[in-house]
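Visitor: If you scroll down you'll find the structure; I have some questions about it.
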Amino acid sequence: MEVPAVQVVHLRVNDSSTGMPTPVRIHLATPDGRYLPPLGRLADFPLDDGRAVGGQVLVDGKPFACVDGSCEVRLPAGMIHVQVCKGLEYQPLQTTVLRHPGQIAIRLNIERRVRLEEQGWFAGDTHAQFLSPQAAALEGAAEGLHLVNLLASAEPDGERITYPGLLDFSGQKPIATLERCQVVVNTLNRGGSQGDLALLNAHRIVFPLRLGEEGFENYTLTDWCRQCHRKGGLVVRVRFPHGDEGPKHETLYHRDVDAVEWTGDDPFEAGLAAWYRLLNRGLRVALVGGSGKRSNRTVLGQPRTYARLAPGEPFSYGAWIEAVRAGRTFVTRGPLLRFEVDDGGLTSSAQAGKRMMSVQGDVLRAHVSLWIPEGTQRMELVHNGEVVADAAGDQILERELVFDSPGWLAARCRQGNQLTAHTSPVYVT
């Protein structure tokens with residue numbers, strides 16, 4: 001019997017440390033570049049906001065499919081180019097496999113480079129929309145995330161307003177889980193000219209979802225923040241900064257806004273300057289990162305928030321939220337940034353967050369490094385907004401600093417002129 005030139009093949013990707021299938025993002029192509037989508041995925045999929053979002057994504061012009069560790073795909077005999085990714089803690093796999101005529105199974109392995117959860121660090125995306133919870137769990141697991149915050153919102157649809165995702169609201173508990181990735185649905189509250197807020201971990205929906213709705217004409221961003229806090233929630237200023245974030249907004253950051261967000265493809269340079277101004281005024285505001293995903297053009301977890309739980313604390317959504325509230329975070333688009341501060345005895349591994357750190361003898365020692373050394377990155381130590389030391393990403397940056405007044409310390413990474421990672425600060429007295 002003649003063997004067909006093209007056959008349906010079962011493909012599986014295993015985590016090499018466990019030998020078990022693991023969710024990944026995968027691209028398969030013929031030598032001439034023709035994309036070979038798994039069954040149930042499209043070779044040419046929608047890219048508009050809100051259209052069939054989930055399970056497939058365009059990265060640098062190349063289509064990928066997110067799979068739960070295995071899939072079926074029609075493959076020709078011959079050479080197949082394969083690219084497999086799973087977030088930042090795994091080594092990306094690029095290889096070529098030869099499929100022999102009649103071969104109906106292919107097995108691949110992906111290698112873990114580092115396991116930050118053993119250090120208490122857990123990765124989440126603070127801002128995604130238009131995915132179903134199941135699709136968010138699949139994509140989040142494929143990107144190595146522990147948490148995806150899906151945000152329901154009020155969206156214009158012609159002359160009416162719709163509320164995509166609102167019926168999935170889950171508040172303080174996961175609505176979907178795959179592998180280690182949990183999905184929780186909260187809200188993105190739109191303030192028009194005043195900017196938007198993500199209200200996370202509230203036990204009930206904080207209405208209205210838009211300022212100016214009937215019956216809420218006098219509502220302000222402050223009302224949203226305080227309603228969210230009364231419901232146990234965390235307030236994030238998304239797509240920061242909004243406008244000039246001048247004095248009229250400053251009162252928001254005294255006690256109402258818990259974190260500002262580096263969102264999606266924004267280079268965050270304007271956000272960095274605005275955030276530093278807040279910190280230099282003595283306001284303690286954490287930094288988080290979210291993809292702002294609304295379409296198949298955006299990868300979940302780019303950028304992402306790593307939050308550090310208390311020692312020995314098991315991972316949960318509530319614990320992750322409280323770690324963000326305390327400022328134990330770093331945000332990254334790639335580098336896994338390690339920042340430690342000590343005063344000769346007491347060590348604040350990563351950062352003390354919004355808890356003040358008292359200096360013994362007016363001296364602090366700062367240590368900055370990458371979990372995975374990367375010479376193309378430049379690490380920088382920042383004191384009160386100014387770079388006071390730097391080093392290549394394949395080195396360890398250590399510096400003693402003498403303090404004669406209160407201030408803050410943080411670490412960041414750059415690749416060329418582009419910011420690639422930043423920690424929340426340690427506040428010093």
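Visitor: Check region 281-304 and report whether any residue there is among the charged types (D, E, K, R), in contact (Cβ under 8 Å) with a residue 24 or more places away in the chain and in a helix (DSSP H, G or I). Spell out how you get there, then give the answer.
Guide: Here is the first cut: in region 281-304, the residues among the charged types (D, E, K, R) are 281, 284, 293-294, 297, 304.
Going one step further and asking which of them are in contact (Cβ under 8 Å) with a residue 24 or more places away in the chain, we end up with 281, 284, 293-294, 297, 304.
If we keep only those that are in a helix (DSSP H, G or I) as well, we get none.
No - not one qualifying residue is present in region 281-304.
Visitor: Here's something else I'd like to know. Of all residues being at pLDDT below 95 and over 18 Å from Gln129 (Cβ atoms) in region 229-244, which is nearest to the chain's Cα centre (by Cα)? Just the residue, please.
Guide: Ranking the candidates gives Pro241 first.
Visitor: Okay, next question. Having 1 or more residues that are among the charged types (D, E, K, R) and without any contact (Cβ under 8 Å) to a residue 60 or more places away in the chain is the bar; report the strands (runs of 3 or more DSSP E) wholly within region 171-240 that clear it.
Guide: Details: elements: 176-178, 181-190, 196-200, 234-237.
It comes to 181-190, 196-200, 234-237.
Visitor: Do we have any residue at all in region 124-143 that's aliphatic (A, V, I, L, M), more than 19 Å from the chain's Cα centre (by Cα) and not in a loop (DSSP other than H, G, I, E, B)?
Guide: no
Visitor: So is Thr162 β-branched (Val, Ile, Thr), buried (at least 17 other Cβ atoms within 10 Å of the Cβ), in the same structural domain as Leu287 (by TED's automatic domain parsing) and within 30 Å of Arg204 (Cβ to Cβ) or not? Before you say what the answer is, go through the steps one by one.
Guide: Values: β-branched (Val, Ile, Thr): yes; buried (at least 17 other Cβ atoms within 10 Å of the Cβ): no; in the same structural domain as Leu287 (by TED's automatic domain parsing): yes; within 30 Å of Arg204 (Cβ to Cβ): yes.
Answer is no for this residue.
Visitor: So for region 38-61 (the condition being touching a strand residue (DSSP E or B) at 6+ places or on another chain (Cβ under 6 Å), over 17 Å from Glu143 (Cβ atoms) and surrounded by fewer than 17 Cβ atoms within 10 Å (Cβ to Cβ)), does at least one residue qualify?
Guide: Looking through region 38-61, at least one residue is touching a strand residue (DSSP E or B) at 6+ places or on another chain (Cβ under 6 Å), over 17 Å from Glu143 (Cβ atoms) and surrounded by fewer than 17 Cβ atoms within 10 Å (Cβ to Cβ).
Visitor: What strands (runs of 3 or more DSSP E) lie completely within region 26-83 and have 2 or more residues being modelled with pLDDT of 95 or more and more than 15 Å from Asn296 (Cβ to Cβ)?
Guide: Values: elements: 56-59, 62-67, 70-76.
Correct list: 70-76.
Visitor: Of everything in region 79-121, what is polar (S, T, N, Q) and touching a residue at least 40 places away in the same chain (Cβ under 8 Å)? Give them in sequence order. Break it down stepwise before answering.
Guide: Residues of region 79-121 that are polar (S, T, N, Q), as a first pass: 83, 91, 94-96, 103, 109, 119.
Of everything in region 79-121, those that are polar (S, T, N, Q) and touching a residue at least 40 places away in the same chain (Cβ under 8 Å) turn out to be Gln83, Gln103, Asn109, Gln119.
Let's see how each residue does on (1) more than 21 Å from Pro164 (Cβ to Cβ); (2) not charged (D, E, K, R):
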position	(1), (2)
Asn201	no, yes
Arg210	no, no
Leu221	yes, yes
Arg230	yes, no
His242	yes, yes
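Visitor: Checking the condition touching a Pro at 6+ places or on another chain (Cβ under 8 Å), hydrophobic (A, V, I, L, M, F, W, C) and outside the structural domain of Leu370 (by TED's automatic domain parsing), which residue from Leu287, Leu300, Leu279 passes? Steps first, please.
Guide: Details: Leu287 fails: touching a Pro at 6+ places or on another chain (Cβ under 8 Å); Leu300 fails: touching a Pro at 6+ places or on another chain (Cβ under 8 Å).
Leu279 is the lone residue from the list that is touching a Pro at 6+ places or on another chain (Cβ under 8 Å), hydrophobic (A, V, I, L, M, F, W, C) and outside the structural domain of Leu370 (by TED's automatic domain parsing).
Visitor: Something else about it: Restricting to region 400-419, name every residue that is part of a strand (DSSP E or B) and either surrounded by 22 or more Cβ atoms within 10 Å (Cβ to Cβ) or among the hydrophobic types (A, V, I, L, M, F, W, C) (or both).
Guide: Within region 400-419, the subset part of a strand (DSSP E or B) is 400-402, 407-415, 418-419.
Within region 400-419, Leu401, Val402, Trp408, Leu409, Ala410, Ala411, Arg412, Cys413, Leu419 qualify.
The values are calculated or read from the model by the stated rules, or taken from the named source; none is laboratory data. Remember, predicted model here, so these are calculated numbers, not experimental data. Neighbour counts run over all protein chains shown; Cβ positions are idealised from the backbone, glycine included.
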